[in-house]
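First up is the structure itself, then whatever we jot down about it.
The values are calculated or read from the model by the stated rules, or taken from the named source; none is laboratory data. What you see is a predicted model; the values in this text were computed from it and never measured. Backbone-built Cβ (ideal geometry, glycine too); neighbour counts: all protein chains shown.
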Amino acid sequence: MLKRVFAALSLITFTCGVAAADDIALAHRRDNAEADAVEIISMRSALAKEFIKPGAEVNEETFKKVCGEVGKKVKEISEREGVVIRHSAVKSRNPKNSATPEEAVLMERFEKEKKLKGIDEEAFFDGKKYFRVTRPIYVEKACLACHGDKDSRPLFIKEKYPEDRAYGFKTGDLRGLISILIPLD
Ligand code: HEC
């Protein structure tokens, strides 16, 4: 009898131990994801400031040096960390980044709660369960060359993105979101 009690107790301790280890592992991955999101946002901002200079022509080459480099970084982090990284926006440029109804709700929350730094929660995406780490992306002066006035968008954008809605922004506007999805299944 006593043996059985001990067996049951050690099973409980073992199970709780595993659960605690899982929690620690997830907390660690969440911290990494937050750092990666911040790195991606800062990288785009720094590159835009570096390559968008007053009077300089903004063309597809400029884009490759700014958002193109960000795209490479996103791919590198996704592969290294085994995560899915999504950029999403209600007013998107690339249709693949169009906010899902759920992402649109997240954007609304960031619009309303100006002090909100991020939203971290469990979420389903494409039928799979993830822990999703979401951070807002705001418009800065250097972004306006490509996301400002509709008519002054560089030609390559007008030609390549017929469904473009990512213009008409002002400095400080919420441009979109970055979400890092950590698989839970
Ligand atoms: C040289 C032009 C250019 C500049 C400068 C630029 N962007 Fe973009 N941006 C683009 C293009 C083109 C895309 C579409 C990329 C694609 O096809 O995935 C894009 C896409 C995005 C997206 C993904 C969502 C969507 O609408 O498809 C975000 C977010 C974004 N830009 C934010 C910014 C921010 C913030 C800045 C300033 C720090 C900035 N961009 C500066 C051209 C630019």
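For segment 50-72, the count of residues that are away from the ligand (no atom under 13 Å from the Cβ), without any contact (Cβ under 8 Å) to a residue 60 or more places away in the chain and under 14 Å from the mean Cα position of the chain (by Cα) is zero. Counting the residues of segment 136-185 that are part of a helix (DSSP H, G or I) and either within 16 Å of Glu60 (Cα to Cα) or without any contact (Cβ under 8 Å) to a residue 12 or more places away in the chain (or both) gives 12. Please work out which one of (1) out of contact with any strand residue (DSSP E or B) (no Cβ under 9 Å at 6 or more places or on another chain); (2) surrounded by 14 or more Cβ atoms within 10 Å (Cβ to Cβ); (3) at pLDDT 95 or above is the condition Val74 fails and give its number. Single failed check for Val74: (1). Among the residues of segment 149-161, those identified as within 11 Å of the ligand (Cβ to nearest atom) and in contact with a helix residue (DSSP H, G or I) (Cβ under 9 Å, 6 or more places away or on another chain) are Arg153, Pro154, Phe156, Ile157, Lys160, Tyr161. Number of residues in segment 94-135 that are basic (Lys, Arg), part of a strand (DSSP E or B) and over 30 Å from Ile52 (Cα atoms): the value is 3. Does Val133 count as of a type in the set (A, V, I, L, M, F, W, C), touching a strand residue (DSSP E or B) at 6+ places or on another chain (Cβ under 9 Å), within 12 Å of the ligand (Cβ to nearest atom) and modelled with pLDDT of 95 or more? When the stated conditions are applied, Val133 does not pass them.
The number of residues in segment 46-73 being polar (S, T, N, Q) and in a helix (DSSP H, G or I) comes to 1.
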